[in-house]
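The values are calculated or read from the model by the stated rules, or taken from the named source; none is laboratory data. Source: prediction; values computed, not measured. Here Cβ is always computed from backbone atoms with ideal geometry, including for glycine, and neighbour counts include all displayed protein chains.
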Amino acid sequence: MKSRRFVLTFPPETTGEPITYNLIRKFDIMVNIVKADVTPGHIGHLVMEMTAPPGILNEGLEYIRGQNVECVPIDRRITYRKDMCIHCGACSAVCFAGALTMDRTTAELTFEPEKCVVCELCLTACPLKLFSIDLG
């Protein structure tokens, strides 16, 4: 069994399709939805972890791409220089996954890498350029 995380981007015309249901039913792939922002008629984003034998996982990925859905593996990680951070919050303002948050009581930045979907928005948002990509 192999587990991998992916970011799926749905064009507006496919947001109503039962893609995750079909992955489970037709391919017997275990699906764990990590983050979802899917609304019919709009571009949708879904972060999910899929677990299956490698061959089956590849069949599921072909099915997803055949539905005109972009499927990007999350093989990279974001790291940042916490020791140099000034806690301005610019990165947390663009982090839709909730991996970067500002603590309201201490006014300090908190980074939870397990929530990060590597969208790379923090790289350009940080005025000190403290974020980088680790190709793991």
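Summary table below
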| quantity | calculated |
| --- | --- |
| Residue in segment 13-33 that is at pLDDT below 90, within 30 Å of S132 (Cβ to Cβ) and β-branched (V, I, T) present | no |
| Spans of strands (runs of 3 or more DSSP E) in segment 46-136 with at least 1 residues among the charged types (D, E, K, R) | 70-73, 77-80, 131-134 |
| Of the criteria (1) closer than 26 Å to A99 by Cβ; (2) in contact (Cβ under 8 Å) with a residue 24 or more places away in the chain, which one I33 fails | (2) |
| Test set (1) part of a loop (DSSP other than H, G, I, E, B); (2) in contact with an Asp or Glu (Cβ under 6 Å, 6 or more places away or on another chain) - R5 fails condition number | (1) |
